[in-house]
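A.B. asks: Okay, here's the structure, questions in a sec.
Just so it is clear, none of the values below were taken in a lab; they were calculated from the coordinates. Small disclaimer: the values here were computed from a predicted structure and weren't measured. Here the Cβ is made from the backbone with ideal geometry for all residues, glycine too, and neighbour counts use every protein chain on show.
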């Protein structure tokens with residue numbers, strides 16, 4: 001894994017925005033204010049932190065994935081809005097992070113797959129096996 005500015009890492013945090021926004025913000029705040037972690041993480045990217053631009057959101061988040069060292073996904077019950085190919089941004093980003101050899105961390109909130117939308121349940125169950133170097137953590 002490459003290191004960003006001054007041998008520090010850049011972290012991309014993603015979840016379905018409306019479902020787990022508070023968790024995403026809490027992770028960012030914790031990392032940036034923790035004396036130890038802030039020594040190793042130079043920047044934490046959240047999609048909602050960028051200003052509105054004249055570009056498609058897909059282009060923005062895939063470009064940001066390429067600029068990060070670590071892709072951290074927080075998966076819950078919602079899958080997110082699907083594109084014309086039937087995939088949500090979080091799945092597209094995870095695939096892009098895999099393809100571009102980013103370190104990937106996956107945290108799963110809850111353990112009731114019956115409460116998850118079918119596509120999210122599939123992503124949760126396949127996430128660790130489909131992409132062998134992903135590190136799923138359940139019960140967050």
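A.B. asks: Work out how much length residue 109 to residue 34 would gain on full extension: take 0.36 nm times their residue separation and subtract the Cα-Cα distance, in nm to one decimal. Before the final figure, lay out each step's value.
C.D. replies: Working: separation 75, 0.36 × 75 = 27.00 nm, distance 2.24 nm.
That works out to 24.8 nm of additional length.
A.B. asks: Note the full-extension length gain between residue 67 and residue 49 as 0.36 nm times their separation in residues minus their Cα-Cα distance, in nm to one decimal.
C.D. replies: Details: separation 18, 0.36 × 18 = 6.48 nm, distance 1.54 nm.
Gain on stretching residue 67 to residue 49: 4.9 nm.
A.B. asks: While we're on this one: Where the centroid of each part is defined by its Cα atoms, how far is the range 28-43 from the range 55-108 in Å?
C.D. replies: The distance from the Cα centre of the range 28-43 to that of the range 55-108 comes to 22 Å.
A.B. asks: Moving on to the next point. Using a Förster radius of 41 Å, what is the FRET efficiency between residue 7 and residue 117 based on their Cβ-Cβ separation? Nearest 0.05, please. Kindly include the intermediate steps, with their values, before the conclusion.
C.D. replies: Details: r = 40 Å, r/R0 = 0.97.
Efficiency computed from Cβ-Cβ geometry: 0.55.
A.B. asks: Rounded to two decimals, what is Rg over Rh for the range 28-83 when you use alpha-carbon atoms and the Kirkwood radius? Write down the numbers at each step before the final one.
C.D. replies: On the way: Rg = 13.5 Å, Rh = 13.4 Å.
Radius of gyration over Kirkwood radius for the range 28-83 works out to 1.01.
A.B. asks: A further question follows. Go ahead and run the numbers for FRET between residue 101 and residue 18, Cβ-Cβ distance against an R0 of 30 Å, rounding to 0.05. Before the final figure, lay out the partial values.
C.D. replies: On the way: r = 30 Å, r/R0 = 1.00.
After rounding to 0.05, the efficiency reads 0.50.
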